[in-house]
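Take a look at the structure below.
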Amino acid sequence: MSDITTVLNKKYFDFNDIVTLLSIEDEIHMQKIFNKSLEVKTKTIGRNVYLRGLIEYSNICRKNCLYCGIRKDNSNVNRYTLTHDEVMEAVRYTYKNGLGSIVIQSGELLGKTFIDIIEEYVKEIHSTYPELLITLSCGEQSLEVYRRWYDAGARRYLLRIESSDKILYYKIHPHDQYHSFETRKKVLNDLRTTCYQVGTGVMIGLPDQTVEHLAKDLIFFRDLDVDMIGMGPFIEHSETPLYDRRSDLWPLKKRFEKSLLMIAILRIMMPTINIAASTALASIDSQGRQKGLLAGANVVMPNVTPFYKKVNYRLYENKPGLYLNESQNLKTIHDGIKDYGEHICYNDPGIPLHYKNNNF
Ligand code: SAH
Ligand code: SF4
């Protein structure tokens, strides 16, 4: 194995460098990578944390991703769509508490009703709270729909590639027209041609996933020149087909450590992008988000969905904060972060320096 310090001092990581770093398992060497990443973050974007209010708008989905608890064929899910009052109250709460951006995430629907209603919400939020940056994560849509939503006022779009390896992608999705790897890639490339700040990401610790797959994912992010990344551990859900593979999974501790390593290596590779400390990290370790920030992340997304609805938005099991109401949830996150030497930026959308450098 190459010496880790030599690799860490390189200006540009190639595939083998990334595999070397991702393969590290001992604490001392992992800590070296986290130290380097924190140093890079401190020097380039500072130890600033940006908050986004996450609204889980609807758990109705046309898709059947094999890992996801709200997949179409899971008949145990109590399906909901937030009412107008619930959405606007969550937005008001986000604004009032100084979270700089609102994220509308949803199961994927394509019909006119869904597209129109998201457009209407974006317009209403934009005109009521012009300072609040609007982020959407509503699945694969046509370029025309993305443009309409942009014109209505949305400025960020999040769509995880889930895995950049075609073979692995089809091990975690049905192989049919609704779950096409080529379409997912095309949609991301379409988004890259728009003025949106574009975010993607992957799950870490999927069945049959190797460090080589993960290294490929990091190179995919760099090649796509993304502005934002959200990635975190895969967590099995008993009402999904992938649950049958649970005995083949990496132990949770290893999924957690590899997730932190992914964040750290990516921060060194792409110092000026936004990287989220995902909620899934906190479902394995109560300090998961904070550890994510120390590994190089700079974004946290408190959930602002009404708590009596979000219990039904269970993508994976053991989701943290499910039974806390919005203000308890926010307080837990706020108190958890400030003791770690990070500075929380309120009322700031936290536009990635990477995007500013490319667009202004
Ligand atoms: N429907 C949209 C957005 C909602 S799903 C979409 O799929 O793009 C948001 C993210 O949750 C997915 O991108 C996926 O990476 C993550 N997710 C789903 N099931 C998960 C699981 N079992 N463990 C960890 N993350 C999961
Ligand atoms: Fe639907 Fe997204 Fe879940 Fe897939 S990951 S089933 S698209 S909500």
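Ranked for footprinting exposure by Cβ neighbours inside 10 Å, fewest first, Trp250, Trp149 give Trp250, Trp149.
For the chain, Cys61, Cys138, Cys195, Cys345 have no disulfide-compatible partner, since no other Cys C-beta lies under 4.7 Å from theirs.
Straight-line cross-link partners of Lys356 among the aspartates and glutamates, defined as a Cα under 20 Å from its Cα and at least 8 positions apart when in the same chain: Glu131, Asp151, Asp190, Asp223, Asp225, Asp227, Asp348. Listing Arg314, Arg289 from fewest to most neighbouring C-beta atoms within 10 Å gives Arg314, Arg289. At full extension, Glu39 and Arg147 could sit 35.1 nm farther apart than now, given 0.36 nm per residue minus the alpha carbon distance. For the peptides 189-201, 17-29, 225-237, the ranking by mean Cβ contacts within 10 Å, running from highest to lowest, is 225-237, 189-201, 17-29. Dividing the mean sequence gap of close Cα pairs (under 8 Å, 6+ apart) by how many residues the stretch 98-176 holds gives a relative contact order of 33 percent. Among the listed pairs Lys254/Lys319; Lys166/Lys310; Lys11/Lys291; Lys185/Lys254; Lys10/Lys41; Lys63/Lys166, give every one whose C-alpha distance is greater than 20 Å. The pairs that break the limit, which is 20 Å between Cα atoms, are Lys166/Lys310; Lys11/Lys291; Lys185/Lys254.
A convex hull fitted around the alpha carbon atoms of the chain yields 127 Å³ per residue. Sorting Glu212, Glu131, Glu342 from the fewest to the most surrounding beta carbons within 10 angstrom yields Glu131, Glu212, Glu342. Per-residue extension of 0.36 nm, minus the Cα-Cα distance of Cys195 and Ser75, leaves a gain of 39.4 nm for this segment.
The distance separating the Cα centre of the stretch 83-120 from that of the stretch 289-323 comes to 17 Å.
Asp348 label point, 7 Å along Cα→Cβ, cut-off 18 Å on backbone N: hits in the stretch 268-309? Once the point is set 7 Å along Cα→Cβ of Asp348, 271-277, 293-294, 296-302 turn out to lie under 18 Å by backbone N, inside the stretch 268-309. Straight Cα distances below 18 angstrom link Lys123 to the lysines Lys112, with same-chain residues fewer than 8 positions distant left out.
Laboratory data are not the source of any read-out in this text; all were calculated from the coordinates shown. What you see is a predicted model, and the numbers here were worked out from it, not measured in a lab. Please note: Cβ atoms are built from the backbone with ideal geometry, for glycine as well, and neighbour counts cover all protein chains shown.
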